[in-house]
Structure formats: structure tokens, C-alpha cells
Amino acid sequence: MKNIACVGEREVVFPFKALGLEIRPVNTGEEAREAIEHFIKEGYVLIILQEDFVDAVSDLLAETEKVPYPAIFPIPGSRGRKGIALEVLREKIKKAIGADIF
């Protein structure tokens with residue numbers, strides 16, 4: 001099992017490299033899908049995904065909900081928030097503790 005990867009536009013993911021994360025800069029939903037599939041295959045436990053690409057990999061997100069690893073968490077992109085990241089986090093916390101704390 002490997003550590004953490006980050007997928008998104010270069011300006012979003014590059015700072016994560018300084019933290020020691022594996023990064024994969026992408027520009028399209030198809031590139032994001034390929035990166036996510038690669039990190040799943042390689043056994044990464046956490047994949048941070050720029051929320052602009054969530055729609056392109058929604059089926060992969062649904063599949064990973066059924067297994068403990070990897071956890072895929074969206075983060076806001078450079079153009080601001082869409083609310084997807086907070087909603088996903090809210091649902092995961094609700095599932096984990098059984099209560100909505102937001």
C-alpha cells in the first residue's frame with residue numbers, strides 16, 4: 001500500500017509535492033480518470049482530487065465507496081469552490097459517526 005496522491009490542474013496539485021505527495025497534473029476529465037485508475041491500481045490509500053474533475057470520475061467514486069481503500073476526497077480548484085468537496089466530506093463523516101455535525 002502506498003501513501004497519498006493528488007490529481008488536478010498543475011497550479012492546484014503542485015503545492016502538494018512539497019508535502020511529499022505524489023502528484024499528477026491533468027487538464028481534462030479523461031486525464032483525471034486515467035490518473036485515478038493508475039493510483040487505484042498502484043494501491044494508494046488516499047487520492048485527493050480537484051473537484052472540477054469529479055463528474056468525469058463519478059463512477060470510480062461510487063466504486064471506491066464500497067471498499068476501505070482508496071479514499072478519494074475532492075478539494076476546491078483554482079477557480080473557487082463548487083461545494084462538492086464539502087458535501088463529500090459531510091457524507092463521509094455522517095457515514096462514519098452516524099450524525100451530521102455540519
Among the residues of the stretch 20-42, is there at least one that is of a type outside the set (S, T, Y), touching a strand residue (DSSP E or B) at 6+ places or on another chain (Cβ under 7 Å) and farther than 20 Å from S78 by Cα?
yes
Given (1) loosely packed, with under 12 Cβ neighbours inside 10 Å; (2) in contact (Cβ under 8 Å) with a residue 40 or more places away in the chain; (3) aliphatic (A, V, I, L, M), identify the lone condition not met by L19.
(2)
Condition check: of a type in the set (D, E), out of contact with any Lys or Arg (no Cβ under 9 Å at 6 or more places or on another chain) and more than 15 Å from Y69 (Cβ to Cβ). Does E30 satisfy that?
yes
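Residues in the stretch 75-84: is at least one outside any helix (DSSP H, G or I), at pLDDT 85 or above and surrounded by fewer than 12 Cβ atoms within 10 Å (Cβ to Cβ)?
no
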Suppose we filter the stretch 29-82 for residues that are among the polar types (S, T, N, Q) and in contact with a helix residue (DSSP H, G or I) (Cβ under 7 Å, 6 or more places away or on another chain); how many remain?
2
Taking the criterion of being within 13 Å of C6 (Cβ to Cβ), out of contact with any Cys (no Cβ under 9 Å at 6 or more places or on another chain) and either at pLDDT below 85 or surrounded by 13 or more Cβ atoms within 10 Å (Cβ to Cβ) (or both), would at least one residue in the stretch 87-102 satisfy it?
no
For the stretch 1-23, give me the residue count where each residue is part of a loop (DSSP other than H, G, I, E, B) and over 21 Å from Y69 (Cβ atoms).
2
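If I go through the stretch 43-67 residue by residue, how many of them are among the β-branched types (V, I, T) and farther than 18 Å from E31 by Cα? Explain how you work it out, then say what you get.
First pass over the stretch 43-67, keeping only residues among the β-branched types (V, I, T): 45, 47-48, 54, 57, 64, 67.
Going one step further and asking which of them are farther than 18 Å from E31 by Cα, we end up with 45, 64, 67.
Qualifying residue count, the stretch 43-67: 3.
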So, of the residues in the stretch 24-68 that are closer than 13 Å to G8 by Cβ, among the β-branched types (V, I, T) and assigned to a loop (DSSP other than H, G, I, E, B), which turns out to be farthest from the chain's Cα centre (by Cα)?
T28
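The values are calculated or read from the model by the stated rules, or taken from the named source; none is laboratory data. For clarity, every value in this text was computed on a predicted model and none was experimentally measured. Every residue, glycine among them, receives a Cβ derived from its backbone with ideal geometry; neighbour counts consider all protein chains shown.
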